[in-house]
């Protein structure tokens, strides 16, 4: 799969999106972005994942290629932003499912 950001919602493939979300680290990134205000950007190192920089780069590439996030170059760093509107347009209900998963994860981690 080429390393390109899916620009149109119509280009997003459900199997690719679900495959990207199947990894717990990538799901954690998406859930963290969901918890932020719509349109918020986060530095890629701000997610606190226990992985190497190379692995983190890989996870963001998979998310970007699937169309889940966009990365914006801000000088010396890349900022990640959830493509909420595009995901809602292409896969109605997916954001709500991810938000429910985010709440479930929060409830589980507090016990």
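Computed from the coordinates by the stated procedures, all read-outs in this text should not be read as laboratory data. All values derive from a computational prediction rather than experimental measurement. Cβ placement follows ideal geometry from the backbone for every residue including glycine, while neighbour counts extend to all protein chains displayed.
The table below lists the values:
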item	result
Rg to Rh, two decimals, where the chain supplies the alpha carbon set and Rh follows Kirkwood	0.94
Residue 96-residue 45 FRET efficiency (beta carbon distance; Förster radius 25 Å; 0.05 resolution)	0.30
Orientation-averaged projected area, Cα convex hull of segment 55-111 (nm²)	5.2
